[in-house]
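A.B. asks: Let me begin by handing over the structure; questions about it come next.
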Amino acid sequence: MTTTDRPEVLVNCAVSADGRLAYAGGRQAKLSGPNDLARVQWLRADVDGILVGVGTVVADDPSLRVHWERIDRPKGRSPTRVIVDSVGRTPPGARVLDGSTPTVVAVTDRCTRTFPPQVEVIRAGSDRVELAQLFAELKHRGMRKLLVEGGGEILASVLAGGLFDRMTVFVAPTVIGGSTAPSMVRGPDLPESRPSAPLVLVTSEPLDDGVVLTYVPAGSPNAPARPLSGPTHPDGSRAEP
Ligand SMILES: NC(=O)c1ccc[n+]([C@@H]2O[C@H](COP(=O)([O-])OP(=O)(O)OC[C@H]3O[C@@H](n4cnc5c(N)ncnc54)[C@H](OP(=O)(O)O)[C@@H]3O)[C@@H](O)[C@H]2O)c1
């Protein structure tokens, strides 16, 4: 599927240095520092839609709004919130259903729940939400740029399906550890040992004592012809590319 069939899709998330999205049991972790929070607001301000899975809505109750005051920018148009929710598990009191911003809930044929009138419902799929079908529908409705913010199951589907153009990951200077803290990408095990999404690193920038890594899918026209830099020697120096 190419961007002619779907919006341009940017993936963004924050992880600990051991690749965890949240604390034990999925409890929300505030991993971003002030500059990364501002970076995310800039990303949000630049897209037409912000998508998360219902797992994130249940765990974090995010508003998915642009906080214009954090980026010192005059208030602009609010991106549409998109919730991926096969059977309608979004809690009735969730902030994403507050009617303050255009909101789409993507469901399947299994969903019998009714949503408040200000929420638009898109049916895509019979068992789980078919993301390719949903993205095509969003494009058809005029969405040009979509930001996918998680969580781990949604990231698994988006990455394994090749449904993205760029991914930025803020890696925080902390380790969460343990056995129940979710890793960045969840989803089913693959039948053989192969990466679900081969990537090319495009940039690596220090931010808030952490680092922001920007990747594109391997083989994408945006992938650089050469790796970002040569291997690092144990003494910290870099080999000539
Ligand atoms: N650090 C960060 O940047 C960040 C960002 C976001 C979230 N998080 C964390 O991530 C955790 C939530 O992640 P999660 O993995 O539990 O939930 P999630 O990815 O937010 O949502 C997953 C749910 O979406 C529904 N879904 C429907 N169709 C799907 C499809 N095609 N592919 C994948 N999911 C589909 C499924 O529920 P149904 O079957 O009921 O539809 C699935 O259980 C929380 O701990 C949250 O704090 C962290």
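The values are calculated or read from the model by the stated rules, or taken from the named source; none is laboratory data. All values derive from a computational prediction rather than experimental measurement. Please note: Cβ atoms are built from the backbone with ideal geometry, for glycine as well, and neighbour counts cover all protein chains shown.
A.B. asks: Residues in segment 14-27 that are over 15 Å from the mean Cα position of the chain (by Cα), near the ligand (Cβ under 9 Å from one of its atoms) and not charged (D, E, K, R): how many? First the steps, then the outcome.
C.D. replies: Just the residues of segment 14-27 that are over 15 Å from the mean Cα position of the chain (by Cα), to begin with: 16-18, 23-27.
Remaining after also requiring near the ligand (Cβ under 9 Å from one of its atoms): 16, 23, 25-27.
Subset that is not charged (D, E, K, R): 16, 23, 25-26.
Counting residues in segment 14-27 that are over 15 Å from the mean Cα position of the chain (by Cα), near the ligand (Cβ under 9 Å from one of its atoms) and not charged (D, E, K, R) gives 4.
A.B. asks: Another one. Are there any pairs, at least 6 apart or on different chains, whose C-beta atoms fall under 7 Å, with the first in segment 48-61 and closer than 15 Å to A14 by Cα and the second more than 6 Å from the ligand (Cβ to nearest atom) and outside any strand (DSSP E or B), and if so, which?
C.D. replies: Between residues of segment 48-61 that are closer than 15 Å to A14 by Cα and residues that are more than 6 Å from the ligand (Cβ to nearest atom) and outside any strand (DSSP E or B), the close pairs are V52/P62; V52/L64; T56/P62.
A.B. asks: Only residues that are of a type in the set (A, V, I, L, M, F, W, C), under 24 Å from L131 (Cα atoms) and in contact with a Phe, Trp or Tyr (Cβ under 9 Å, 6 or more places away or on another chain): list them for segment 5-34, please. Break it down into steps so the answer makes sense when it comes.
C.D. replies: Initial filter on segment 5-34 (of a type in the set (A, V, I, L, M, F, W, C)): 9-11, 13-15, 17, 21-22, 24, 29, 31.
Remaining after also requiring under 24 Å from L131 (Cα atoms): 9-11, 13-15, 21-22.
Result: V9, L10, V11, C13, A14, V15.
A.B. asks: So for segment 35-43 (the condition being assigned to a loop (DSSP other than H, G, I, E, B) and either out of contact with any Pro (no Cβ under 7 Å at 6 or more places or on another chain) or closer than 25 Å to L134 by Cβ (or both)), does at least one residue qualify?
C.D. replies: Among the residues of segment 35-43, not one is assigned to a loop (DSSP other than H, G, I, E, B) and either out of contact with any Pro (no Cβ under 7 Å at 6 or more places or on another chain) or closer than 25 Å to L134 by Cβ (or both), which makes the answer no.
A.B. asks: Looking at segment 54-74 only, could you name the residues that are out of contact with any strand residue (DSSP E or B) (no Cβ under 8 Å at 6 or more places or on another chain) and in a helix (DSSP H, G or I)?
C.D. replies: Hits for segment 54-74 are G55, V58, W68, E69, R70, I71.
A.B. asks: On the basis of being within 10 Å of the ligand (Cβ to nearest atom) and not in a loop (DSSP other than H, G, I, E, B), does L51 make the cut?
C.D. replies: Numbers: within 10 Å of the ligand (Cβ to nearest atom): yes; not in a loop (DSSP other than H, G, I, E, B): yes.
The answer is yes for L51.
A.B. asks: Could you check, for segment 145-159, whether at least one of its residues is at pLDDT 95 or above, farther than 27 Å from G26 by Cα and not in a loop (DSSP other than H, G, I, E, B)?
C.D. replies: Yes, segment 145-159 contains a residue that is at pLDDT 95 or above, farther than 27 Å from G26 by Cα and not in a loop (DSSP other than H, G, I, E, B).
A.B. asks: Taking segment 179-208, which residues are modelled with pLDDT under 95, surrounded by 10 or more Cβ atoms within 10 Å (Cβ to Cβ) and over 20 Å from E149 (Cα atoms)?
C.D. replies: Matches in segment 179-208: L190, P195.
A.B. asks: Could you please find all residues in segment 130-167 being within 11 Å of the ligand (Cβ to nearest atom) and touching a Phe, Trp or Tyr at 6+ places or on another chain (Cβ under 8 Å)?
C.D. replies: V148, V158, L163
A.B. asks: Then there's this: If G33 satisfies every condition in (1) within 12 Å of the ligand (Cβ to nearest atom); (2) surrounded by 15 or more Cβ atoms within 10 Å (Cβ to Cβ); (3) under 20 Å from the mean Cα position of the chain (by Cα) but one, which is the exception?
C.D. replies: (1)
A.B. asks: Of the numbered conditions (1) more than 9 Å from the ligand (Cβ to nearest atom); (2) of a type in the set (D, E, K, R); (3) over 13 Å from the mean Cα position of the chain (by Cα); (4) at pLDDT 95 or above, R44 fails exactly one; give the number of that condition.
C.D. replies: If we test R44 against (1) more than 9 Å from the ligand (Cβ to nearest atom); (2) of a type in the set (D, E, K, R); (3) over 13 Å from the mean Cα position of the chain (by Cα); (4) at pLDDT 95 or above, just (3) comes out false.
A.B. asks: Tell me, please, whether a residue that is hydroxyl-bearing (S, T, Y) and within 13 Å of the ligand (Cβ to nearest atom) can be found in segment 77-95.
C.D. replies: yes
A.B. asks: How about segment 75-133: which of its residues are small (G, A, S), in a loop (DSSP other than H, G, I, E, B) and surrounded by 14 or more Cβ atoms within 10 Å (Cβ to Cβ)?
C.D. replies: S78, S86, G88, A94, A124, G125
A.B. asks: So which pairs qualify, if the first residue must be in segment 15-43 and closer than 10 Å to F170 by Cβ, the second must be part of a helix (DSSP H, G or I) and within 13 Å of the ligand (Cβ to nearest atom), the Cβ gap must be under 7 Å, and the two must be at least 6 apart or on different chains?
C.D. replies: These pairs meet every condition: S32/V40.
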